[in-house]
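What follows is a set of notes on a single structure, which appears directly below.
What follows draws every value from the coordinates through simple rules; no lab data is involved. Just so it is clear, the model here is predicted, and its values are computed rather than measured. Cβ atoms come from the backbone with ideal geometry, glycine included; neighbour counts cover every protein chain shown.
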Amino acid sequence: MVNTIEHIRTTDGIQSLEDREMLQNSIKGVEKKPLPHMLATTNLILHGIELPGIRHDNLLSRAYTEWSNKDRVDVILSNPPFGGMEEDGVEANFPQNFRTRETANLFLYLIVHLLKDKGRAGVVLPDGFLFGEGVATRIKEMLLEKCNLHTIVRLPNGVFAPYTGIKTNLLFFQKGEPTKEIWYFEHPYPEGVKSYSKTRPLNIKEFDLEKAWWNNRVENEYAWRVSVEDIKKRNYNLDIKNPKVTEEEQTYTSRELLNKLHDSFERSEKILTQLRLELS
């Protein structure tokens, strides 16, 4: 959100007092957890938003029928919790076919519901959503029917390290027209980097590759496209690998697998310890 604000400012989007006032009143958000809510509010104040419109609330606790046209927005940016599960009863706020306790799935349904016609969204979602079945399949079908899911940027490992090693994706879509094809772009590591980490995080400048490709799309070593007909044949499984990359099959001995499992447990314990310290 802060990067969006700075982009508007640096591209001459703010030229008058009226423009500044409009920007101040246009940035709104909701955060369920206390610590991220405080951090988001503080960050916006530090970047010139005097009265941040960030509420401490859970949007999923409100029945979808209670949202009216005045609640709809032009742009939504969202990073729902990965693997989060809502409390019993929250799923009853959604239509029968889309009821689940999986947080990310509920948020995606709500995002589509809250967009105005021609409204745009950028959402961070884990690989699990792309290949998810059951309710996830129905939500993806709804998404492709109501929106043009034009781009999926596939991010590599470590983007959210050390908090999670789950691979994630950036989904970009616009409401109002059904999807005809989806462009995929596999974000590569910079030269010399094998994985992102806390000491070597993803840098915003590394998205210059996507920016250069965005308005002049061609298939290349990182980009490919898939028709919606092929997606339907896959039962809406969006987890489609780069066809230009051949994956090498790796085999491990039992001892190697046990060592990897042990290392994974150690990393998880370190993350939990760090989270306890941050929340204490």
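How big is the dipole moment of the stretch 1-57 about its Cα centre under a simple scheme where the beta carbon of each Lys and Arg is +1, that of each Asp and Glu is -1, and everything else is neutral? Debye, nearest 20, please.
On the way: 6 positive and 8 negative charges, 66 e Å.
Computed about the Cα centre, the dipole is about 320 debye.
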Can you give the Kirkwood hydrodynamic radius for the stretch 90-190, in Å, rounded to one decimal and based on Cα pairs? 14.3
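How would you classify the chain from its alpha-carbon gyration tensor, with a ≥ b ≥ c the square roots of the eigenvalues: rounded for a/c under 1.5, else prolate if a/b is greater than b/c, otherwise oblate? Numbers along the way, then the final one.
Values: a/c = 1.29, a/b = 1.21, b/c = 1.07.
Rounded, because the longest to shortest axis ratio a/c is under 1.5.
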Under 14 Å from the Cβ of residue 200, count the other residues' Cβ atoms, weight Lys and Arg +1, Asp and Glu -1, and hand me the total. +1
Ordered by fewest other Cβ atoms within 10 Å, a rough proxy for footprinting exposure, 37, 7 read 7, 37
Cα-only radius of gyration and Dmax that characterise the stretch 125-280, units Å: 18.1, 53
Any of 116/167; 116/146; 28/116; 198/270 with alpha carbons more than 23 Å apart? Name them for me. 116/167
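Can you give the FRET efficiency to the nearest 0.05 for residue 46 and residue 17, using r as the Cβ-Cβ distance and R₀ = 25 Å? The partial results should precede the final answer.
Details: r = 21 Å, r/R0 = 0.86.
For residue 46 and residue 17, the calculated efficiency is 0.70.
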Please identify the chymotrypsin sites (Phe, Trp or Tyr not before Pro) of the stretch 30-125 that satisfy two criteria: DSSP loop assignment and at most 16 other Cβ atoms within 10 Å. Which are they? 67
So if I take the centroid of the Cα atoms in the stretch 257-280 and the same for the stretch 93-138, what is the distance between those two points in Å? 30
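Which order results if 60, 130, 275 are arranged by neighbouring Cβ count within 10 Å, fewest first?
275, 130, 60
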Hey, rough spin-label estimate for residue 267 and residue 211, points 7 angstrom out along Cα→Cβ, what's it come to in nanometres? 3.0
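I need 182, 166 ordered by Cβ neighbour count within 10 Å, fewest first. Present the calculation step by step, with values, prior to reporting the outcome.
Details: 182 23, 166 13.
Least crowded to most crowded, the residues run 166, 182.
Could you give the dipole magnitude of the chain about its Cα centre, charging the beta-carbon of Lys and Arg +1 and that of Asp and Glu -1, in debye to the nearest 20? Each step should come with its number before you reach the end.
Numbers: 38 positive and 41 negative charges, 31 e Å.
That gives a dipole near 140 debye.
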